[in-house]
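Comments concern the structure below.
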Amino acid sequence: MSWPGAVNEGGADAGIPAHYGAPLREGRALADGQAFVDLSTWGVVTMTGPDRLRLLHSLSSQGLDRLAEQTPTRTLFLDLQGRIEFDARVIDDGTTSFLIVEPHRAGALAAWLDSMRFMMRVEVADATQQWAVAGSNAEWTLDGADLGPRWVDPWPQVQPGGYPYSVVEEHPGAENDWRLDLIPRDQWEQVAKRLVAEAGLSPAGLMAAEQLRVAAWEPSQAHEMDHKSIPHELDLLRTAVHMNKGCYKGQETVARVHNLGHPPRRLVFLDLDGMEHTVPSPGAPILADGRTIGSVTSAVLHHEAGPIALAVIRRNVDPSLTLVVQDGDTSYAAAQTTIVAPDAGSVVGRPQGIRRL
């Protein structure tokens, strides 16, 4: 926040810049691998001990018992009804597993993991005060810097054991090379200055990062997930769920919806009418033929696409309908692009080899 032009908008990310005066230019630079973002409000949980991966494997949706060193992945911790409680980015350096989570979630996750250790040889810690997080699309290095591991986002590639619920052949998220770097918190300001001076990167704010995330259709726990969210609704089976692993909390719901049913809601991408020169607020209701069928979860002004949004709507809404977002007295026409297909799920008995991918 001490850097020229830094503007903060408070909320969960109070204390780090939303932008530096030019969010659209920052978004373009970030997309082109020429900028970095301060994500130091994100949390980090560490796990050490010989049983750490076995414990994670038994508790989460991803296959982690044989996770190779420096191999990034994503996993979910669910409740008994299959609803998402924690969404974690995971990487292991051979001695420590690092779980990177969105703001204000590390303490609760660390406490829960610690309560589940029983007799396993595992030590769990909320390491948020030791590690800061930086995001970028850039492959940067700094000579002599003592940094933590780099997590490279697997989204939207279908991981081993995963299953895609989107119907596109070319996923827009494939254009990104998003990564999170762990940096000792007491060195973060020095590293940031070196990124500018030595790596040739410029600082970008959170609004720039949100432009890339929304355009890539990538769900966020802070925005797209609520107390009812299950992985199927958000296309998270592709990267964060292993459909063939052993038992874990919530697995029965995951398997039942995937094999026999359909998710009750679905994630959708919206191109918004730009006549208002604004974007709707998160939570703004979405109407179809005058009926509320969902709500906006994230909305941004993108450096190329203009006003765009992610939303969660009822599964059976006709994908061809033009929707209306009603934010107070302001109405936005919204054209849908299907992310999670209305007929996603219920795969048992479905003919194989004809998935629309």
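The values are calculated or read from the model by the stated rules, or taken from the named source; none is laboratory data. Note that this is a predicted model, so its numbers are computed, not measured. Here the Cβ is made from the backbone with ideal geometry for all residues, glycine too, and neighbour counts use every protein chain on show.
Values computed for the structure shown
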item: Among (1) modelled with pLDDT under 95; (2) over 26 Å from Gly27 (Cβ atoms) - the single one Glu139 does not satisfy; result: (2)
item: Any hit, region 183-197, residues being under 21 Å from the mean Cα position of the chain (by Cα) and in the same structural domain as Leu76 (by TED's automatic domain parsing); result: yes
item: Condition broken by Thr278, with the remaining ones in (1) modelled with pLDDT under 95; (2) under 21 Å from the mean Cα position of the chain (by Cα) satisfied; result: (2)
item: Qualifying positions in region 137-158 - among the aromatic types (Phe, Trp, Tyr) and either within 20 Å of the chain's Cα centre (by Cα) or outside the structural domain of Ser202 (by TED's automatic domain parsing) (or both); result: Trp151, Trp155
item: Thr278 vs. criteria surrounded by fewer than 19 Cβ atoms within 10 Å (Cβ to Cβ) and either polar (S, T, N, Q) or assigned by TED's automatic domain parsing to the domain that holds Leu78 (or both); result: yes
item: Sole exception among (1) among the basic types (Lys, Arg); (2) in contact with a Gly (Cβ under 9 Å, 6 or more places away or on another chain); (3) surrounded by fewer than 21 Cβ atoms within 10 Å (Cβ to Cβ) for Lys228, by number; result: (2)
item: Flag if Ser229 is modelled with pLDDT of 95 or more, assigned to a loop (DSSP other than H, G, I, E, B) and farther than 19 Å from Arg315 by Cβ; result: no
item: Qualifying residues in region 171-200 (those that are farther than 26 Å from Leu99 by Cβ and among the hydrophobic types (A, V, I, L, M, F, W, C)) - the one surrounded by the fewest Cβ atoms within 10 Å (Cβ to Cβ); result: Ala197
item: Filter result for Ala335 (within 23 Å of Gln221 (Cα to Cα), assigned to a strand (DSSP E or B) and either at pLDDT 95 or above or of a type in the set (S, T, N, Q) (or both)); result: no
item: Candidate set from region 255-275 (those that are surrounded by fewer than 21 Cβ atoms within 10 Å (Cβ to Cβ) and in a helix (DSSP H, G or I)); member that is modelled with the lowest pLDDT; result: Met275
item: Residue match in region 121-136 (condition: surrounded by fewer than 21 Cβ atoms within 10 Å (Cβ to Cβ), within 15 Å of the chain's Cα centre (by Cα) and not acidic (Asp, Glu)); result: no
item: Some residue of region 108-122 being in contact with a strand residue (DSSP E or B) (Cβ under 9 Å, 6 or more places away or on another chain), farther than 21 Å from Tyr248 by Cα and touching a residue at least 60 places away in the same chain (Cβ under 8 Å); result: no
item: Subset of region 281-298 [within 21 Å of Ser320 (Cα to Cα), in a loop (DSSP other than H, G, I, E, B) and under 22 Å from the mean Cα position of the chain (by Cα)]; result: Ala284
item: Subset of region 120-136 (residues that are touching an Asp or Glu at 6+ places or on another chain (Cβ under 9 Å) and either assigned to a loop (DSSP other than H, G, I, E, B) or closer than 28 Å to Leu30 by Cβ (or both)); result: Met120, Arg121, Val122, Gln130, Ala132, Val133, Ala134, Gly135, Ser136
item: Test for Ala222: is it surrounded by fewer than 23 Cβ atoms within 10 Å (Cβ to Cβ), under 22 Å from the mean Cα position of the chain (by Cα), among the hydrophobic types (A, V, I, L, M, F, W, C) and not assigned by TED's automatic domain parsing to the domain that holds Asp38; result: yes
item: Tally, over region 281-291, of residues that are of a type in the set (Gly, Ala, Ser) and either surrounded by fewer than 16 Cβ atoms within 10 Å (Cβ to Cβ) or at pLDDT below 95 (or both); result: 3
item: Condition met for Ala344 (within 20 Å of the chain's Cα centre (by Cα), closer than 22 Å to Asp226 by Cβ and surrounded by 15 or more Cβ atoms within 10 Å (Cβ to Cβ)); result: no
